[in-house]
Amino acid sequence: MKTLIRCKDVTLGYENMTVLEHVSFELNEGDYLCVVGENGAGKSTLIKCLAGLKRPSEGQIEFSPTISRSDVGYLPQQTAIQRDFPASVREVVMSGCLNHSRLIPFYTKADRQRAAAHMEELGITDLAGRSYRELSGGQQQRVLLARALCASEKLLMLDEPVTGLDPIVTSEIYGIIREVNRKYGMTVIMVSHDVRTAVRSANKILHLKHTVQFFGSTEEYLASSTGREFLGGQRENA
Amino acid sequence: MLEMFTYPFILRAFVVGTLVSLCSALLGVNLVLKRYSMIGDGLSHVAFSAMAVATVMNWAPLWVAIPVVIAASYVLLRLGANDRLSGDSAIALLSTGALAVGIFIISMKSGINTDINNYMFGSVLAISRSDVTLSVVLSLAVLALYVLFYNKIFAVTFDEPFAKATGVRADFYNMLIAVLTAVTIVLGMRMIGALLISSLIIFPAMSSMRVFKCFRNVVICSAAISVVCFLAGLIISYECSTPTGASVVLINIAVFAVFCAVAFFRGRIALNGADSDK
Ligand SMILES: Nc1ncnc2c1ncn2[C@@H]1O[C@H](COP(=O)(O)OP(=O)(O)OP(=O)(O)O)[C@@H](O)[C@H]1O
Ligand SMILES: [Mg+2]
């Protein structure tokens, strides 16, 4: 197993406020990492940094040379997309394919097939001609996930991919993510509040609260005091 | 009506104007969606002051204005990207500042009020024979680059963080949009006028966004609107001897009203259809 990402003593923050300190962890190829923690713990901040949208104020994030930016698929928690942007679902999903066709500026037939396959997978084929801005929140989320799948072959970063989705679609989406991880060996980094489902599919857990509370395999997490507390707390709330 | 095209200056205005209308309509869709509607205004004022300096110093106006405006355009898009200074106030600062500098410089040399007038309100006579080649080459280059990078420009306009995270060089494409916009503004402002050029960017995009909902159709429709409005404006300005810029903008306003009406009635029909289904 080869190391894909190595975070070394990373500190992250906004302006002069520190959000996360001394974050260190390593991910191997084919890992499924679930990032958990309370609201405001810094999960999205970490994902943004891994996605290259933010620089760490201290420490380093190293990617293995086998992977480049164009192997990354990304689904942000909140998108900057304007509400009145005229774009069809097909156009949005296709835009995920852009990082593959480096030399040719136009979409290839392979791109089109790839986009069609992912739209089918997420059950949005019949929405292809619809306008993105006129979809429901859950439908939009599925479109953005299809786009993220189009973009990546090796690494998928998802920030709360199932917020706003109904229970059936939620479990379908968890199924799809698990499948790309198991079948195609894609590395997955996912932020989720649904710890118990996450624990079932992920093999590594990163628990954040201003710093790393826990990092290790899922089994260790379930046995640890941090994990038991967090899972227990969830059960009481439920 | 056709005899107007026997005049060389009308022919020149026709060729350059059509090309510039196309460029501004295409870029306009992206600029409006990026919330940079007023960038045309700011840049044309910068171009105004650059041309004022060029006039006073006896330099070729286009050669001075284009690099200066490209630089200004890049600075504006950059300033808008960090959140300390919001995009519209940055544009307002630059636009009024540049205008003041331009007027100050041009007033140092007396007897060039016609120049101010031409730059501010535009003139068909502004395109000299020597400018035509440069204008045509530049606007064809803008069109070619836009078409070539259409998909990437869409991605960067639609969702810049995603584009960046997945390895699209967003900064490069932002820079490209800035350069293309700057060139288009400089080429168009002498005919349409510094005060009116930004309407060439805003109106076609806004009109087509009323009616169309997919990006490609919006772009195509706004290009068509822009060219048709320009031609109609040019003919009107010839027949009624009105200023070209103002005539073109008036036609654009009329088209915008028509498209708003179409969208409104389409909405009503859809509503009625839904009611009668019940
Ligand atoms: N753009 C920003 N500017 C300044 N502070 C920010 C910004 N975004 C987030 N923060 C702060 O950073 C901290 C961590 O935010 P982050 O979004 O990473 O939390 P999170 O773990 O993703 O929370 P949630 O579960 O609600 O998504 C919060 O205290 C928040 O106030
Ligand atoms: Mg978050």
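The values are calculated or read from the model by the stated rules, or taken from the named source; none is laboratory data. Treat the numbers as computed from the prediction; the structure is a model and nothing was measured. Cβ placement follows ideal geometry from the backbone for every residue including glycine, while neighbour counts extend to all protein chains displayed. In case anyone asks, the SASA skips ligands and DNA or RNA and just uses the protein heavy atoms, side chains included. Shrake-Rupley method; radii C 1.70, N 1.55, O 1.52, S 1.80 Å.
Some points to look at:
- When A:PHE230, B:PHE265 are compared by accessible area of protein heavy atoms, the largest-first order is B:PHE265, A:PHE230, using a 1.4 Å probe.
- Residue-level accessible surface for A:HIS207, protein heavy atoms, 1.4 Å, Å²: 10 Å²
- For chain A, the per residue solvent-accessible surface stands at 47 Å², with DNA, RNA and ligands left out and a 1.4 Å probe.
- Helical content of chain B, expressed as a calculated mean residue ellipticity at 222 nm, amounts to -28000 deg cm²/dmol (DSSP H runs of 4 or more residues, -39,500 (n - 2.57) each, divided by residue number, nearest 500).
- 37 °C / 0.692 mPa s Stokes-Einstein diffusion coefficient of segment B:115-223, Kirkwood radius on C-alpha pairs, µm²/s: 211 µm²/s
- As a length-normalised measure over Cα pairs under 8 Å and 6 or more apart, the relative contact order of segment A:132-222 settles at 22 percent.
- Computed from protein heavy atoms with a 1.4 Å probe, the total accessible area buried between A and B is close to 2700 Å².
- Accessible-area rank, largest first, for A:GLU29, A:GLU172: A:GLU172, A:GLU29, with all protein chains present and a 1.4 angstrom probe.
- Normalised by 2.2 N^0.38 Å, with N the number of residues, the alpha-carbon radius of gyration of chain B equals 1.04.
- Violating pairs (Cα-Cα greater than 22 angstrom) within the set A:LYS2/A:LYS209; B:LYS34/B:LYS213; B:LYS34/B:LYS152: A:LYS2/A:LYS209
- Assigned charges on the beta-carbon of Lys, Arg, Asp, Glu; the protein assembly as shown dipole about Cα centre (debye): 620 debye
- Within segment A:83-98, the residues that become at least 50 Å² less accessible when every protein chain is included than when their own chain is isolated (1.4 Å probe; DNA, RNA and ligands ignored) are A:PHE85, A:PRO86, A:GLU91, A:LEU98.
- Sulfur and carbon atoms: percent of accessible area, the protein assembly as shown [1.4 Å]: 60 percent
- Of all lysines in the structure, those lying under 17 Å Cα to Cα from A:LYS54, and not within fewer than 8 positions of it along the same chain, are A:LYS8, A:LYS43, B:LYS164.
- Accessible surface, per residue, of chain B when the full set of protein chains is kept, probe 1.4 Å, Å²: 43 Å²
- The chymotrypsin sites (Phe, Trp or Tyr not before Pro) of segment A:106-146 that meet both conditions, a loop assignment by DSSP and at most 14 other Cβ atoms within 10 Å of the site Cβ, are A:PHE106.
- Note: relative contact order over chain A, using C-alpha pairs below 8 Å and six or more positions apart, is 28 percent.
- For segment B:213-234, a drop of 40 Å² or more in accessible area on going from the chain alone to the assembled protein chains (1.4 Å probe) is found at B:LYS213.
- Helix runs (DSSP H) in chain B reaching 24 Å along axis by Cα, Kyte-Doolittle at least 0.5: B:8-33, B:39-57, B:61-81, B:87-108, B:129-148, B:170-192, B:215-239, B:244-277
- Sorting B:CYS260, B:CYS221 by accessible area puts them as B:CYS260, B:CYS221; the probe is 1.4 Å, largest comes first, and only protein heavy atoms count.
- Over chain A, dividing the summed -39,500 (n - 2.57) contributions of all DSSP H runs of at least 4 residues by the number of residues returns a 222 nm mean residue ellipticity of -10500 deg cm²/dmol.
- Centroid-to-centroid, using Cα positions, segment B:54-68 and segment A:2-78 are 49 Å apart.
- Dividing the mean sequence gap of close Cα pairs (under 8 Å, 6+ apart) by how many residues segment B:2-196 holds gives a relative contact order of 37 percent.
- Whole-number D in µm² s⁻¹ for segment A:61-136, Kirkwood Cα-pair radius fed into Stokes-Einstein, 37 °C, 0.692 mPa s: 231 µm²/s
- Segment A:144-238: trypsin sites (Lys or Arg not before Pro) in DSSP coil with no more than 10 other Cβ atoms inside 10 Å: none
- Value of D in µm² per second that Stokes-Einstein yields for the protein assembly as shown, Kirkwood Rh from Cα pairs, at 37 °C (0.692 mPa s): 129 µm²/s
- Solvent exposure of B:THR96, expressed as accessible area, is near 90 Å², computed with a probe of 1.4 Å over the protein chains only.
- Interface residues of segment B:143-178, defined as those losing at least 40 Å² of solvent-accessible heavy-atom surface relative to the isolated chain (probe radius 1.4 Å), are listed as B:LEU148, B:ASN151, B:LYS152, B:PHE154, B:PHE158, B:ASP159, B:PRO161, B:PHE162, B:ALA165, B:THR166, B:GLY167.
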